[in-house]
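Here is the structure we will look at.
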Amino acid sequence: MKFISRLLKSCITVSFIVLVAGCAIVNHSKPGTTTIILTRHADRDPMATELNDQGRLRAQALVEAVAELNITAIYSPDLKRNLDTARPLAEHLGIEVQIIGSSKHEVSRTILTKHAGEVVIWIGTGGNLTEIYPFLGGEGAPPTGYGDLFIMKLKDSGSPEVIKKRYGPS
């Protein structure tokens, strides 16, 4: 009986230590709401790597669409169409576009760990937005149309608040 009692106490002690250590690892550096703006690169012709005329207009319109949101970082995959979409916004804000891989895990981890409590924009592709949006808790259709702009407010707990907008030429 003493053996079982000691074993039980040891298990409880170890569980408590693991729980406390786990909480310390998961803790965000900044509490509150992290806002992730999701949009697809601007318009291009089928199979083209560059933006078309409408796409260049839409990239300029993105600046006005997000001007009041206090963006602190711009992220994009290393694709010409995405970088061309991000360039006018980056120049307007005076910040560089951060290039990262486009997996839902890498995008989410990078933004949520480096920019907790901030406002960040991801200029993605139809494919990666289809994966990232529901991974972050979004429901319904993802922002895969040219001009879709989804503003996701992620709190420390609960479902995200999503504001769905459109920008640029029709």
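The values are calculated or read from the model by the stated rules, or taken from the named source; none is laboratory data. Bear in mind the structure is a predicted one, so any value in this text is a computation, not a measurement. Neighbour counts are summed over all protein chains in view; Cβ atoms, including those assigned to glycine, are modelled from backbone coordinates with ideal geometry. For the accessible areas, the whole protein counts, side chains as well, though only heavy atoms, and no ligand, DNA or RNA atoms are used. Shrake-Rupley method; radii C 1.70, N 1.55, O 1.52, S 1.80 Å.
Residues are listed down the side, and each one gets a yes or a no for (1) surrounded by 18 or more Cβ atoms within 10 Å (Cβ to Cβ); (2) closer than 24 Å to Ser159 by Cβ; (3) among the small types (Gly, Ala, Ser):
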| site | (1), (2), (3) |
| --- | --- |
| Thr39 | yes, yes, no |
| Glu50 | no, no, no |
| Gly55 | yes, no, yes |
| Arg58 | yes, no, no |
| Val63 | no, no, no |
| Leu69 | no, yes, no |
| Ile74 | yes, no, no |
| Asp78 | no, no, no |
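Checking each residue in segment 123-170 for being under 16 Å from His105 (Cα atoms), open to solvent by less than 30 Å² (accessible area, probe 1.4 Å) and hydroxyl-bearing (Ser, Thr, Tyr) picks out Thr125, Tyr133. Within segment 102-117, is even one residue closer than 22 Å to Arg56 by Cβ, among the hydrophobic types (A, V, I, L, M, F, W, C) and touching a residue at least 40 places away in the same chain (Cβ under 8 Å)? No; the residues of segment 102-117 include none that is closer than 22 Å to Arg56 by Cβ, among the hydrophobic types (A, V, I, L, M, F, W, C) and touching a residue at least 40 places away in the same chain (Cβ under 8 Å).
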